[in-house]
Amino acid sequence: MRPYCLKAPAKINLYLEIVGDRPDGYHEVVMVLQSIDLTDEIELRPLRGHAIQLHCNHPQVPQDASNLAWKAAALMQQRYPDCGGVEIKIRKEIPVGAGLAGGSGNAAAVLVGLSLMWGLGLTHTELQEIGSALGSDVPFCITGGTALAVGRGEILTPLPDLDGLPVVVCKFRDLSVSTAWAYQSFRAHFKHSEAEIKELRGYSSQMLSAVAARDFGRIGRFLYNDLEKVVLPAHEPVAQLRSYLETQGALGAMMSGSGPTVFALCESVEQARAIEAATRQAFTHSSLEIWLTRLCVGGVQVVDG
Ligand code: ATP
């Protein structure tokens, strides 16, 4: 058994529609998910016995059994009790509580890595089945790229790759949003009428045809996120940032997932650089952090054996 080092990319939502409630307490969603080249690094080392140890360089990330990566390891041990223990080291680049699926990506990396380290040879589909018990975004994080996600987000259909498109990703360092709060709040205050559902059906098919055609202009115009309806009114700076990015000439700007991260899709690296510089200037007296990155293919990658 040898150690493994893996990279887990963050995701953004190009489309997030909450279709309705489900009997299991989750929401029925239609999402277009996209990996971006902003990654955490996860190192796995075999340990004797059944021990799980976890270290992370980010102060807001728990280092105990409440960490999603720890939960992934515990779930694998439950299924494969003879395989031993594991030490997990997480180097965070993805901001925490950001709507970028950082925790889900870490869990996905542990599933992929333990299958390799323990010589289990599990397929992506098998790992996605295991991962769906940990969180709705975990199955997507395993394969990444561009995908349509329905059900509670775990039923995936791959879409044509949109890799290479530059994206400016912005988050206030001192602001996090709880995903559970955002969904509960939406449930409490909003329910789409029949007419809205019909309109959104048209909207989601426009987005899917734009992705199929890799028509970046139309993708930018059809960005959509239901959770903006609850997060933007509750967090004025995020609403201001979103409005600001919309006026900068990008293909489109929107909040990712449950926020508070806001991103701008750009048509060129030059445009992305200009938007990054202008945004830094405009929000200079705030805790705004900005990453200039790009859409990418694939999910969890092994970087080193
Ligand atoms: P999602 O988009 O999947 O809802 P998110 O990007 O909004 O996720 P995360 O960064 O995954 O949010 O973190 C949400 C909370 O989960 C944090 O407050 C953190 O304390 C906890 N957490 C548990 N495990 C991890 C992990 N491995 N990485 C980051 N946060 C974790």
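The values are calculated or read from the model by the stated rules, or taken from the named source; none is laboratory data. As the structure is a computational prediction, the values presented were derived from the model and not from experiment. Cβ: placed from backbone, ideal geometry, glycine included. Neighbour counts: every protein chain shown. These area figures cover heavy atoms from the full protein model, side chains too; ligands, DNA and RNA do not enter into them. Shrake-Rupley method; radii C 1.70, N 1.55, O 1.52, S 1.80 Å.
For S115, are the conditions met, namely being within 30 Å of Y203 (Cα to Cα) and not in a loop (DSSP other than H, G, I, E, B)? No; evaluated as a whole, the condition is false for this residue. Any residue that is within 16 Å of the ligand (Cβ to nearest atom) and either aliphatic (A, V, I, L, M) or open to solvent by less than 50 Å² (accessible area, probe 1.4 Å) (or both) - is there at least one of those in the stretch 216-226? Yes: the stretch 216-226 contains one or more residues that are within 16 Å of the ligand (Cβ to nearest atom) and either aliphatic (A, V, I, L, M) or open to solvent by less than 50 Å² (accessible area, probe 1.4 Å) (or both). If you go through the stretch 101-116 and keep only what is more than 10 Å from the ligand (Cβ to nearest atom) and of a type outside the set (A, V, I, L, M), you end up with G113, S115. Taking (1) part of a helix (DSSP H, G or I); (2) in contact with a Ser or Thr (Cβ under 8 Å, 6 or more places away or on another chain); (3) in the same structural domain as P23 (by TED's automatic domain parsing) in turn, L134 satisfies each apart from (1). The residues in the stretch 30-47 that are farther than 25 Å from E154 by Cα and either among the aromatic types (F, W, Y) or open to solvent by 10 Å² or more (accessible area, probe 1.4 Å) (or both) can be counted, and the count is 4. Take the conditions at pLDDT 95 or above and in the same structural domain as E270 (by TED's automatic domain parsing) and apply them to Y183. Does it pass? No; evaluated as a whole, the condition is false for this residue.
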